[in-house]
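Comments concern the structure below.
Since every read-out is calculated from the coordinates, none of them should be taken as a lab result. Note that the structure is predicted; figures quoted are calculated from it, not measured. Note: ideal-geometry Cβ built from the backbone for every residue, glycine included; neighbour counts use all protein chains shown.
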Amino acid sequence: MRARMALAYANITIELREILLSDRPNELYAISSKGTVPVLQLPNGSVLDESFDIMKWALKQAKTDWLDINFEDQLSIIKINDEEFKPWLNKYKYHQRNPESSYEESQDKCIQILSKFEETLSKKLFLFGEKAQVADVAVLPLVRQFAHVDLSFFTKKLPHLNRWLEIWNASTIFQSIMKKYDKWEPSQTPLIVTFIQK
């Protein structure tokens with residue numbers, strides 16, 4: 001999601017290959033042994049197989065105000081999101097597979113982290129002020145995942161974060177990257193996509 005949003009914002013046209021994680025094609029492993037998504041193969045043959053690396057590459061291709069605020073400051077929030085929040089979110093979402101942590105404990109650990117964002121958003125429209133920055137986009141997918149485990153709880157517990165999420169849900173750029181595509185087949189005509197036209 002965040003990789004697609006960066007590609008959309010930079011107005012980059014790609015050949016899109018939509019796959020099912022339950023049926024990963026050999027062509028995916030041929031360019032990235034990790035077999036994870038997203039994967040972006042550049043025209044020179046090099047491969048980016050981390051979503052944040054794709055974001056950084058895309059935003060370097062175009063002038064963007066998503067990097068107006070000191071990037072190192074933004075990285076600190078992204079690091080918390082990717083390294084601290086994500087593990088607890090997975091335990092919360094899949095609590096039945098993680099008996100070492102109860103649903104309530106995992107939820108509470110997530111809330112402890114998200115409460116920092118909530119406090120910031122009680123004073124600002126976005127995490128770094130009145131304009132969206134790359135940090136907002138980078139944390140969006142995981143916050144959205146947390147919200148949808150128990151949307152009623154999320155809305156009541158984190159109202160400012162919920163308002164921030166609703167802003168993104170209603171945005172043209174978010175809606176453009178959420179379009180559904182058919183599963184890619186090797187024999188099909190290449191699907192050339194620009195997520196949002198500027």
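In the chain, helices alone account for a calculated mean residue ellipticity at 222 nm of -15000 deg cm²/dmol, with every DSSP H run of four or more residues adding -39,500 (n - 2.57).
At an R0 of 25 angstrom, the distance between the Cβ atoms of His160 and Lys79 translates into a FRET efficiency of 0.70.
Listed by chain and number, the lysines whose C-alpha is less than 19 Å from the C-alpha of Lys60, apart from same-chain residues fewer than 8 away, are Lys131, Lys198.
As a proxy for reagent exposure, ranking Glu84, Glu27 by other Cβ atoms within 10 Å from fewest up yields Glu27, Glu84. Rounded to the nearest 10 degrees, the inclination of helix 103-121 to the longest alpha-carbon principal axis of the chain is 90 degrees. Against the chain, whose longest principal axis is taken from its Cα atoms, helix 159-170 shows a tilt of about 20°. Is the C-alpha gyration tensor of the stretch 66-174 telling us rounded, prolate or oblate? Criteria: a/c under 1.5 is rounded; beyond that, a/b larger than b/c is prolate, otherwise oblate. Prolate, since a/c reaches 1.5 and a/b exceeds b/c.
Would you please state which residues of the stretch 53-83 a label at Thr194 would reach in this model, taking the label point 7 Å out along Cα→Cβ and a backbone N cut-off of under 19 Å? Only 58-65 pass the distance filter. Under 8 Å for C-alpha pairs, at least 6 residues apart: give me the relative contact order for the stretch 66-174, rounded to a whole percent. Worked out over the stretch 66-174, it gives 29 percent. Orientation-averaged projection of the chain equals 12.3 nm² [convex hull of Cα atoms, one quarter of hull surface area].
In this structure, the amide hydrogen of Phe126, modeled 1.01 Å from its nitrogen in the peptide plane, lies closer than 5 angstrom to those of Lys131, counting only residues at least 5 positions away or on a different chain. Taking the Cα centre of each part, how many Å lie between the stretch 1-16 and the stretch 56-131? One Cα centre to the other: 21 Å. Relative to the Cα centre, the charge distribution of the stretch 66-174, modelled as +1 at Lys and Arg Cβ and -1 at Asp and Glu Cβ, gives a dipole magnitude of about 280 debye. Dipole magnitude for the chain: about 360 debye, using +1 per Lys or Arg Cβ and -1 per Asp or Glu Cβ, origin at the Cα centre.
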